[in-house]
1. Quick one: B:Q41 ticks every box in (1) polar (S, T, N, Q); (2) more than 22 Å from the chain's Cα centre (by Cα); (3) crowded, with 20+ Cβ neighbours inside 10 Å bar one, so which box is it?
2. So A:G182 fits all but one of (1) within 9 Å of chain B (Cβ to nearest Cβ); (2) under 21 Å from B:A177 (Cα atoms); what number is the exception?
3. With respect to A:V140, is the statement that it is outside any helix (DSSP H, G or I) and either at pLDDT 90 or above or more than 9 Å from chain B (Cβ to nearest Cβ) (or both) true?
4. I'd like the residue in segment B:182-204 that is β-branched (V, I, T) and more than 8 Å from chain A (Cβ to nearest Cβ) and, out of all such residues, is surrounded by the fewest Cβ atoms within 10 Å (Cβ to Cβ).
5. Looking at B:A179, B:A145, B:A154, B:A136, which is the one that is outside any helix (DSSP H, G or I), crowded, with 24+ Cβ neighbours inside 10 Å and hydrophobic (A, V, I, L, M, F, W, C)?
6. Any idea which residue in segment B:9-38 is surrounded by the fewest Cβ atoms within 10 Å (Cβ to Cβ), counting only those that are in contact with a Ser or Thr (Cβ under 6 Å, 6 or more places away or on another chain) and assigned to a helix (DSSP H, G or I)?
7. Among the residues of segment B:111-147, what is the count of those that are over 10 Å from the mean Cα position of the chain (by Cα) and of a type in the set (V, I, T)?
8. Within segment B:67-105, take every residue that is assigned to a loop (DSSP other than H, G, I, E, B) and modelled with pLDDT of 85 or more and give me the one that is surrounded by the most Cβ atoms within 10 Å (Cβ to Cβ).
Amino acid sequence: MRPSGACPPDQGRLTGANIMFSYLANPQRFEKFSRIAIPVCGWLALALIAAGLWYGLFSSPVDRFQGDTIRIMYVHVPSAWLALALYFAMGGASFVYFIWRHNLADTAAASIAPIGAVFAGLCLITGAIWGRPTWGAWWVWDARLTSMLIQFLLFLGYIALRAAIEDERLAARSAAILAMVGLVNLPIVRFSVEWWDGILHQGATVFRADGPQIHGSQLLPLALMAAGFTLMAGWMVLYRMRSAIMARKAANLQRLREARA
Amino acid sequence: MRAGAIFLREARLAFAGGGGPAAPAAFFIASLTLVPLAIGQSPATLQAAGPGVICFAALLAVLQGAERLFGEDVVDGTLEAYGLSGLPLSVVAIAKVLGSVLATLWPLPLVGLGGGIAFGLPVEAAGMLALALAAAIPGLAFLVAIAAALSAGARRGGLVIALIAAPLAIPLMVFTASAGRAADIGNAAASANLLLTCAVSLFLTALSPFAISAALKARLE
């Protein structure tokens, strides 16, 4: 650990994600980047999700075993993927913030948390709606379901910790440590839950060494929705980041004006 | 200030204001007493639920004293004294957590043993459960200490501690309870689960001091 204040934001070594955050750490550059990236992500997401919904709801055939309930999968699977991906993104951003003290990385982590929680919640709810007619139960204590519930709780813990600490810098540092602890523990938690459980939930179907075990007519809408959801998450994260930066700027201006008066 | 002094101070503090091991042990017994009253007195149900319920209640007992572990140090300036002592904060964390664990949590495996027998487990199974609890408690205590250090000085810190520690405590819950359950049905997996409990507990004990020290350092700046 280095002593406090020894590392100004732009002095860190340029590796990996740090390059991105170093480049965007300049608020004007981020503003310029987000002004292009936000509408691009947003409109692309809208187009992909619209196409995915059309294929998923109207153009893809009914599943031989699951009937029309298969269509829930086109929301359920992308939500699950995003809940996990956003958790890793939050952990990565927290790491960059903790080591190199890029405030933008902290803003990113703080913006990701509620979005990740919403996708985890969406995954659980759509799963329950699908599970009732298919398995005959809203909920079963299966490894994958339980892991997603834990993921949801990890997001909630992060949000609650941030909200409980008033000092902004201390909240950011504490939350970053928690996100990193969670990331280190996640493999053990997942392993222990798999150990504890018998298997009911379908195993990996799309990303397998022997190729996807899913029919093309279902893979296309799934892929469209996954890409659309990912872009939508990117759009929301960037939007929230820009809003947070603007709010901070406004608060600074307000403080300045009060100091003058 | 030496690490030994911090260790002794923590142990003495536990006896001075909190009744030492009495509070967590009594809390543990009280929550176990409520279990048959809540789920019914059928011996088969109690025996099946016993190991899991006992582990769960032990986690609650560990959580119960968590808020005062670092909360008071942050408020009354003791943390600054630790910061100036020249000791690495990770060593301070180890001394503090071990001091409070050894002063307050040592009766929990014994209560677990008694609870297991009262819930109808065979003595060997209750013994295995107590052993697994003894192995899990250092890891649990360090895990809870991370949560306590992260939320020290926060509003409603106790609630936040429970919320962030619970998902991270899952591996220890799973392996400890499985050790008791497997021993109860005479399954050979009991010792494997005991070893996994030891492994996770050691892992948490070894790495948590760094997370705690990072959290404390953020509070010193």
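The values are calculated or read from the model by the stated rules, or taken from the named source; none is laboratory data. Nothing here was measured: the structure is a model prediction, and the numbers come from that model. Cβ: placed from backbone, ideal geometry, glycine included. Neighbour counts: every protein chain shown.
1. Failing condition for B:Q41: (3).
2. The failed condition is (2).
3. Working: outside any helix (DSSP H, G or I): yes; either at pLDDT 90 or above or more than 9 Å from chain B (Cβ to nearest Cβ) (or both): yes.
Yes.
4. Across segment B:182-204, the extreme among qualifying residues is B:I185.
5. Answer to the selection: B:A154.
6. Only one residue tops the list, namely B:E10.
7. Final tally of qualifying residues: 4.
8. B:L105
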